[in-house]
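Take this structure first; my questions come after.
The values are calculated or read from the model by the stated rules, or taken from the named source; none is laboratory data. What you see is a predicted model, and the numbers here were worked out from it, not measured in a lab. Heads up, the Cβs are rebuilt from the backbone with ideal geometry, glycines too, and the neighbour counts pull from every protein chain shown.
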Amino acid sequence: MGIGGSDMYRQQILDHYKNPRNYGELEDATFSHVGENPQCGDRIRMDVVLADDGETIERVAFSGDGCAISQASASMLTGKLHGKTLEELAEMDRDDIVDMLGVEISPMRIKCAVLAEKVAQDGAKIHRGEIELDTTKTE
Ligand code: ZN
């Protein structure tokens, strides 16, 4: 798979890849967004339902296909985002994702790792009218 790190973390990534958590689409999503990493062929869609306060992430689901890193990262991120505010989501960066995955990510694969995070962040920005964007692309 081309990733370093301990067996435990590698097992965790493979487990999330084979048994993705919160997989699917939410029909009542407050916002949905899609993104791709053309270099690797990863595609991710994130569906987010906000609580009544319009700030707190109440439910989140993802769907898509691609390499183990991209899909496992999306699966793990959905668990992490639950209960976070959009502000907290906006403050996340690639270090949070690398910490979450727990393995060394090569520069080539970092785009796979952060795709889900970028899709969620861009989706939130579009929802708040901060940017206009059809598809997030990691270039
Ligand atoms: Zn990938």
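Which one of TYR9, TYR23 is among the hydroxyl-bearing types (Ser, Thr, Tyr) and over 21 Å from GLY123 (Cα atoms)? Step through it out loud before you land on a result.
Details: TYR23 fails: over 21 Å from GLY123 (Cα atoms).
Only one candidate passes the filter, namely TYR9.
Further, regarding this structure: When you scan region 60-79, how many residues do you find that are away from the ligand (no atom under 16 Å from the Cβ) and buried (at least 18 other Cβ atoms within 10 Å of the Cβ)?
Let us first name the residues in region 60-79 that are away from the ligand (no atom under 16 Å from the Cβ), namely 60-61, 78-79.
In the following step, the residues that additionally are buried (at least 18 other Cβ atoms within 10 Å of the Cβ) were identified as 60-61, 78.
Of the residues in that region, 3 qualify.
Examine region 111-120 for a residue that is more than 13 Å from ASN37 (Cβ to Cβ) and either touching a strand residue (DSSP E or B) at 6+ places or on another chain (Cβ under 7 Å) or surrounded by 14 or more Cβ atoms within 10 Å (Cβ to Cβ) (or both), and state whether such a residue exists.
At the first step, the residues of region 111-120 found to be more than 13 Å from ASN37 (Cβ to Cβ) are 120.
Pick out the ones that are also either touching a strand residue (DSSP E or B) at 6+ places or on another chain (Cβ under 7 Å) or surrounded by 14 or more Cβ atoms within 10 Å (Cβ to Cβ) (or both) and you get 120.
Yes, some residue in region 111-120 is more than 13 Å from ASN37 (Cβ to Cβ) and either touching a strand residue (DSSP E or B) at 6+ places or on another chain (Cβ under 7 Å) or surrounded by 14 or more Cβ atoms within 10 Å (Cβ to Cβ) (or both).
Could I ask something else about it? Of everything in region 32-66, what is of a type in the set (D, E, K, R) and in a loop (DSSP other than H, G, I, E, B)? Give them in sequence order.
So the first thing to find is which residues in region 32-66 are of a type in the set (D, E, K, R), and the list is 36, 42-43, 45, 47, 52-53, 55, 58-59, 65.
Answer for region 32-66, where residues must be of a type in the set (D, E, K, R) and in a loop (DSSP other than H, G, I, E, B): ASP52, ASP53, GLU55.
Do we find that ILE69 is of a type outside the set (Phe, Trp, Tyr), part of a helix (DSSP H, G or I) and within 12 Å of the chain's Cα centre (by Cα) in this structure?
Numbers: of a type outside the set (Phe, Trp, Tyr): yes; part of a helix (DSSP H, G or I): yes; within 12 Å of the chain's Cα centre (by Cα): yes.
When the stated conditions are applied, ILE69 passes them.
Is it fair to say ILE97 is over 20 Å from GLY24 (Cβ atoms), at pLDDT 95 or above and part of a helix (DSSP H, G or I)? Can you show your working first?
Details: over 20 Å from GLY24 (Cβ atoms): yes; at pLDDT 95 or above: yes; part of a helix (DSSP H, G or I): yes.
Taking the combined requirement at face value, the residue satisfies it.
Among the residues that make up region 121-132, is at least one of them touching a residue at least 40 places away in the same chain (Cβ under 8 Å), part of a loop (DSSP other than H, G, I, E, B) and surrounded by fewer than 20 Cβ atoms within 10 Å (Cβ to Cβ)? Don't jump to the end; show me each part of the working.
So the first thing to find is which residues in region 121-132 are touching a residue at least 40 places away in the same chain (Cβ under 8 Å), and the list is 122-124, 126-128.
Narrowing further to those that are part of a loop (DSSP other than H, G, I, E, B): 128.
Filter once more, keeping what is surrounded by fewer than 20 Cβ atoms within 10 Å (Cβ to Cβ): 128.
Checked region 121-132: at least one residue is touching a residue at least 40 places away in the same chain (Cβ under 8 Å), part of a loop (DSSP other than H, G, I, E, B) and surrounded by fewer than 20 Cβ atoms within 10 Å (Cβ to Cβ).
Report yes if GLU88 is surrounded by 15 or more Cβ atoms within 10 Å (Cβ to Cβ) and modelled with pLDDT of 95 or more, otherwise no. Quick ask: steps written out before the conclusion?
On the way: surrounded by 15 or more Cβ atoms within 10 Å (Cβ to Cβ): no; modelled with pLDDT of 95 or more: yes.
Judged against the criteria, GLU88 is not a match.
Then there is this: Answer yes if at least one residue in region 103-113 is β-branched (Val, Ile, Thr) and touching a Phe, Trp or Tyr at 6+ places or on another chain (Cβ under 7 Å), and no otherwise.
Filtering region 103-113 for residues β-branched (Val, Ile, Thr) gives 103, 105, 110.
With touching a Phe, Trp or Tyr at 6+ places or on another chain (Cβ under 7 Å) added as a condition, the list becomes 103.
Within region 103-113 (the criterion being β-branched (Val, Ile, Thr) and touching a Phe, Trp or Tyr at 6+ places or on another chain (Cβ under 7 Å)), the answer is yes, since at least one residue qualifies.
While we're here: Report the residue count in region 20-56 for those that are buried (at least 22 other Cβ atoms within 10 Å of the Cβ) and either within 15 Å of the ligand (Cβ to nearest atom) or touching a residue at least 24 places away in the same chain (Cβ under 8 Å) (or both). Write out each step before concluding.
Of region 20-56, the ones buried (at least 22 other Cβ atoms within 10 Å of the Cβ) are 33, 35, 37, 42, 44, 46-48.
Applying the additional criterion that residues be either within 15 Å of the ligand (Cβ to nearest atom) or touching a residue at least 24 places away in the same chain (Cβ under 8 Å) (or both) yields 33, 35, 37, 42, 44, 46, 48.
Residues in region 20-56 being buried (at least 22 other Cβ atoms within 10 Å of the Cβ) and either within 15 Å of the ligand (Cβ to nearest atom) or touching a residue at least 24 places away in the same chain (Cβ under 8 Å) (or both): 7 in total.
Something else: For region 85-134, which positions are within 16 Å of the ligand (Cβ to nearest atom) and among the hydroxyl-bearing types (Ser, Thr, Tyr)?
Scanning region 85-134 gives a single hit, SER106.
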